[in-house]
Amino acid sequence: MKKYILDLTNAQFKIAVKSIIEQEYRINQIIEWVYTKKAVSFEEFTNLPKELREKLDKRFLLRALKIVKKEKSVIDGTIRYTFQSVDKKYFFAVFLTKNGKNSVCISSQIGCPVMCAFCFSGKVKLVRNLSRGEIIEQLLQIENDTREKVSGVLFMGMGEPMLNFNNVTSVLNSLLSNKEFGIGKRHITVSSVGIVPAIKKLADENFGVRLALSLHAVDEKQRRKLIPSNFGFNIEHILNAGRYYLKKTNSRLTMEYILVKGINDSVVDAHKLTRLLRQHELLNPDVQVNLIPFNPVIDTHFQTSDQQSIQKFKNILKFNGITVNVRQAKGADISAACGQLGY
Ligand code: SF4
């Protein structure tokens, strides 16, 4: 059976290819074709002898995903991609463009075990983790399809990245490597609902990427309404893990807070959130709160907060010295906004 080349780190590829290539420069040429030049067939590797290209083709697979659907927002140019894996499972990625800067929001799992009540992906039962290659290929295919260079990556698509730790961190190595994608650490964001041991491990491995913690609530009762399973980690644990991440990596931290009408969007909630951040030494310029007005999805009774409540909430945080941003929905007309990725 052919080996999926993107599933292999460069070190693993060197071992896998040893029987047919020994010269280091040839291996580097292949790596360049795969990651930098984004070739889709071995025939394109024109600086390699034909014989070698044929041998590679017999042993390795360059692409494992198919784009089966592509929808483009007429509002803001966001593109939602539906991918099909070799085992005929579906998942999503989103291309975002703003002021000439492009980023992708990619999936790390097929389905999601977290099952957030406000999220369409959470309604899709977990099928499996995506492999290293399947995560990387989303980015490669989007760059090829749009013919645009992507300079930012968000692990905020389908799935909880910290439950697929080994593959996600292997991808981080490739994204950060100048031989592969060469994307700056400040332009990569990994989100987590709060899988505390994995967050600490990510901090210890010190990639320096941004961490986005999906807090969404100011007390446990409220959080359970939005995220029924807390995987055994309460708000206290999660905020402590956030502080640990910040101190260890010297990076940035984002608190994601979805605003749902009548659930977590009151003035009292805004004050409680401020207090929580202060108590956990998270009132500092490296911490930003992203307020995300709930994006409607089918099968929920939740409603979007009204503009006045959003503004009040924001002003209270701002008044208390918190960097706060109200996230504008992207691709809302094609169900590509936050929490809308589902079948
Ligand atoms: S918001 Fe993220 S963690 Fe929650 S169900 Fe959706 S994809 Fe999973």
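Within 10 Å of each residue's Cβ, count the other Cβ atoms and sort SER191, SER229 from fewest upward. Could the numbers behind the result be given before it?
Values: SER191 21, SER229 13.
Fewest to most other Cβ atoms nearby, the residues stand as SER229, SER191.
Mind listing the phi-derived Karplus ³J(HN,Hα) values for the stretch 80-96, rounded to whole Hz, using 6.51, -1.76 and 1.60 with θ = phi - 60°, and x for any glycine or proline?
Couplings: 9, 10, 10, 9, 10, 8, 4, 8, 6, 10, 10, 7, 10, 8, 10, 9, 10 Hz.
Please list 3J(HN,Hα) in residue order for the stretch 38-47, calculated via the Karplus relation 6.51 cos²θ - 1.76 cosθ + 1.60 where θ = phi - 60°; whole Hz, with x for glycine and proline.
6, 5, 9, 9, 5, 4, 6, 6, 5, 8
Given the Cα-Cα distance of GLU71 and LYS88 and 0.36 nm per residue of separation, how much length would full extension add, in nm? Show your work: numbers first, answer last.
Details: separation 17, 0.36 × 17 = 6.12 nm, distance 1.98 nm.
Length gained between GLU71 and LYS88: 4.1 nm.
Evaluate the chain: find the radius of gyration of its Cα atoms, find its Kirkwood radius, and give the ratio Rg to Rh.
Working: Rg = 21.0 Å, Rh = 21.0 Å.
Rg divided by Rh gives 1.00.
Report, ordered by chain and residue number, the aspartates and glutamates lying within cross-link reach of LYS58, taken as a straight Cα distance under 16 Å and ignoring same-chain residues fewer than 8 apart.
List returned: GLU43, GLU44.
Between GLU22 and LYS2, how many nm apart are label points set 7 Å from Cα along the C-beta direction?
With each label placed 7 Å out from Cα toward Cβ, I get 2.8 nm.
Please sort 140-149, 22-31, 154-163 by packing, taking for each peptide the average over its residues of neighbouring beta carbons within 10 angstrom, highest first. Please report the intermediate quantities before stating the final value.
Details: 140-149: 15.7, 22-31: 14.0, 154-163: 25.1.
Taking the mean over residues of other Cβ atoms within 10 Å, the ranking is 154-163, 140-149, 22-31.
Are there trypsin sites (Lys or Arg not before Pro) in the stretch 177-212 that DSSP marks as loop and that have at most 16 other Cβ atoms within 10 Å, and which are they? Don't skip to the answer; put the middle values down first.
On the way: sites: LYS179, LYS185, ARG186, LYS200, LYS201, ARG210; in loops: LYS179.
Loop-located and lightly packed - LYS179.
Once amide H atoms are placed 1.01 Å from N in the peptide plane, what residues at a sequence separation of 5 or more from SER214, or on another chain, have their amide H within under 5 Å of its amide H?
Those lying under 5 Å, H to H, from SER214 are SER192, VAL193, GLY194, GLU256.
Compute a Gaussian network model of the chain, connecting alpha carbons closer than 10 Å, and tell me which residue from ASN178, ASN167, ASN264 fluctuates the most.
Result: ASN178 has the largest fluctuation of those listed.
Using the charge dipole of the stretch 66-334 (Lys, Arg: +1 at Cβ; Asp, Glu: -1 at Cβ; taken about the Cα centre), state which of PHE118, ILE79, LEU246 has its Cα farthest towards the positive end.
So the residue we want is LEU246.
A 29 angstrom limit on the alpha carbon distance is what I want to check against. Which of LYS37/LYS200; LYS55/LYS179; LYS101/LYS272; LYS149/LYS248; LYS125/LYS221; LYS18/LYS248 exceed it? Mind dumping the intermediate values first?
Working: LYS37/LYS200 35 Å; LYS55/LYS179 23 Å; LYS101/LYS272 35 Å; LYS149/LYS248 31 Å; LYS125/LYS221 24 Å; LYS18/LYS248 38 Å.
From LYS37/LYS200; LYS55/LYS179; LYS101/LYS272; LYS149/LYS248; LYS125/LYS221; LYS18/LYS248, over 29 Å: LYS37/LYS200; LYS101/LYS272; LYS149/LYS248; LYS18/LYS248.
Tell me, in nm to one decimal, what length is gained between LYS98 and LYS318 on full extension, where the rule is 0.36 nm per residue of separation less the Cα-Cα distance?
Values: separation 220, 0.36 × 220 = 79.20 nm, distance 2.46 nm.
Result: 76.7 nm gained on full extension.
In terms of Cα to Cα distance under 18 Å, which aspartates and glutamates are near enough to LYS314, apart from those fewer than 8 places away along the same chain?
GLU256, ASP265, ASP269, ASP286, ASP306
Taken together, the values in this text are just the output of simple stated rules run on the coordinates, not laboratory data. Keep in mind the model is a prediction, meaning the values are calculated, not measured. Cβ coordinates were reconstructed from backbone atoms using ideal geometry, including for glycine residues, and neighbour counts include every protein chain displayed.
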